[in-house]
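A quick write-up on the structure given underneath.
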Amino acid sequence: MKKILLVLAILTITISCDTEKARKQVDSFRAEKSKTAINEVLDAWHKAAADANFDEYFSKMTDDAIFIGTDATENWKNEAFKTFSKPYFDKGKAWSFTALERNVFLSEYGDIAWFDELLDTQMELCRGSGVLKKVGDTWKISHYVLSIAIPNDNVPEVIKLKKENDSILKSAY
């Protein structure tokens, strides 16, 4: 009887370990599949802007998305960002961003992701970062922040360029 209980205990432990290993493999596969889908969404979003495809560009964003641009005044809710962007798209050329590097991270439950990317743009190197959420089976951008990458050695020059405009903006607060 003791031998049977020992064999059952070993089988239970073995099955439990195999189940945990299988679960981790499935989770890893799902995470990689999500990261691939997220990269595809972000690449298609950037391409839609470069192609001046307004509808395709905004289809990649949630209805309540936020876009924060490089200017201190650019904190756009989706509808306002559409209004601001439409004339650029209508001219046949919005903006062109190509990701040189991207890091994607997933929440524990796999329904929220955040990322950062180094971009080649018409403004030279920029950084983008943001948040995506899963809407049904589709990843959508819900928050995006664009910033111009400034070498640390050039920051004093940039501060001088910004000082007057920044003081005007700060006085509004």
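Tabulated results
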{"read-out": "Cβ-Cβ under 7 Å pairs, at least 6 apart or on other chains, the stretch 30-51 side under 19 Å from A65 (Cβ atoms) and of a type outside the set (D, E), far side open to solvent by less than 60 Å² (accessible area, probe 1.4 Å) and part of a helix (DSSP H, G or I)", "value": "W45/Y57; A48/Y57; A49/Y57"}
{"read-out": "Search result, residues across the stretch 135-166 that are open to solvent by 60 Å² or more (accessible area, probe 1.4 Å) and touching a Cys at 6+ places or on another chain (Cβ under 7 Å)", "value": "I148"}
{"read-out": "Qualifying residue in the stretch 69-83 (condition: open to solvent by 40 Å² or more (accessible area, probe 1.4 Å) and touching a Cys at 6+ places or on another chain (Cβ under 8 Å))", "value": "yes"}
{"read-out": "Criterion (more than 16 Å from the chain's Cα centre (by Cα), on the phi < 0 side of the Ramachandran plot and surrounded by 12 or more Cβ atoms within 10 Å (Cβ to Cβ)) met by exactly one of L119, L125, L132", "value": "L125"}
{"read-out": "Any pair with Cβ under 7 angstrom, 6 or more apart, that starts in the stretch 63-89 at a residue that is closer than 15 Å to L146 by Cβ and ends at one that is surrounded by fewer than 17 Cβ atoms within 10 Å (Cβ to Cβ) and hydroxyl-bearing (S, T, Y)", "value": "T70/S147"}
{"read-out": "Residue identified as crowded, with 18+ Cβ neighbours inside 10 Å and modelled with pLDDT of 95 or more among F105, F97", "value": "F97"}
{"read-out": "Condition broken by A80, with the remaining ones in (1) of a type outside the set (D, E); (2) under 20 Å from S142 (Cβ atoms); (3) in contact with a helix residue (DSSP H, G or I) (Cβ under 6 Å, 6 or more places away or on another chain) satisfied", "value": "(3)"}
{"read-out": "Boolean, F105 is part of a strand (DSSP E or B), among the aromatic types (F, W, Y) and farther than 25 Å from P151 by Cα", "value": "yes"}
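Here's the yes/no breakdown for (1) more than 16 Å from D71 (Cβ to Cβ); (2) modelled with pLDDT of 95 or more:
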residue: Y109; (1), (2): yes, no
residue: V145; (1), (2): no, yes
residue: D153; (1), (2): yes, yes
residue: E157; (1), (2): yes, yes
residue: K162; (1), (2): no, no
residue: S171; (1), (2): yes, no
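The values are calculated or read from the model by the stated rules, or taken from the named source; none is laboratory data. Note that the structure is a prediction, hence the values are computed from the model and not measured. Reconstructed Cβ throughout: ideal geometry from the backbone, glycine too, with neighbour counts over all protein chains shown. Surface areas here come from the heavy atoms of the whole protein model, side chains and all, with no ligands, DNA or RNA. Shrake-Rupley method; radii C 1.70, N 1.55, O 1.52, S 1.80 Å.
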